[in-house]
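As structure tokens, the structure follows; a few thoughts come after it.
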Amino acid sequence: KYPRWLRAWGLPTAYPRRGDLLIFKAPADSPYSYETLWGVRHRPYNVKRVLALPGDTVAIEDGQLIVNGRPLAESYVNDGVLNDQPPLRVPPGKVWVMGDNRLVGESLDSRVYGSVDLRDAAGPANLRLWPDPGWVSRSATPPATAPRPAPAQSASSRAAAEDRSSLHHRRSRG
């Protein structure tokens, strides 16, 4: 819970980051937030991936997750189906999360109950049990967005690039 307390005390922390696996309780005002176990109604903890941070805009278009206008490359996701969702801005102090298992009906996440308040977050997950058991690394860089198509080159710039390539090839061969 240390990242949560650092944030609560106003100390600088890179928590949460896009791509973190976050342990949290779903929003209290959602009917999906509660379960009853042995006659006791409670809000269980969930583990989902942080995909959008406060101030980010998130949308789903043609089954592709779009964050801040750019498609998000997600190598960790199974082949689930995403229904389109109009763009929405994540409010301050909240994050937008989704499960990696996106088969229809398998993941209750921000698509269902909205953004998650950071006050309901316990912290990042350090250990993963599925699909690849082991420690979760928190890289300094968030998951890359999908590459944009390269700008079209004119015929003259393509020819110049080919000339430079063939010149380099001849020099390297001796």
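Odds and ends about this structure:
- Residue ID - modelled with the highest pLDDT, chosen from residues in region 1-21 that are surrounded by fewer than 13 Cβ atoms within 10 Å (Cβ to Cβ) and part of a loop (DSSP other than H, G, I, E, B): 14
- Unmet requirement for residue 59, which otherwise passes all of (1) open to solvent by less than 20 Å² (accessible area, probe 1.4 Å); (2) within 17 Å of the chain's Cα centre (by Cα); (3) closer than 25 Å to residue 136 by Cβ: (3)
- Matching residues in region 22-42 - criterion: being at pLDDT below 90, over 13 Å from residue 110 (Cβ atoms) and part of a loop (DSSP other than H, G, I, E, B): 28, 29, 31, 34
- Residue among 127, 103, 88 that alone is at pLDDT 85 or above and either closer than 30 Å to residue 35 by Cβ or touching a helix residue (DSSP H, G or I) at 6+ places or on another chain (Cβ under 6 Å) (or both): 88
- Matching residues, region 22-56, being within 13 Å of residue 96 (Cβ to Cβ) and exposed (fewer than 13 other Cβ atoms within 10 Å of the Cβ): 55
- Residue check, residue 103 in a loop (DSSP other than H, G, I, E, B), touching a strand residue (DSSP E or B) at 6+ places or on another chain (Cβ under 6 Å) and over 17 Å from residue 54 (Cα atoms): no
The values are calculated or read from the model by the stated rules, or taken from the named source; none is laboratory data. Keep in mind the model is a prediction, meaning the values are calculated, not measured. Reconstructed Cβ throughout: ideal geometry from the backbone, glycine too, with neighbour counts over all protein chains shown. Heavy atoms of the whole protein, side chains included, go into the accessibility calculation; ligands, DNA and RNA do not. Shrake-Rupley method; radii C 1.70, N 1.55, O 1.52, S 1.80 Å.
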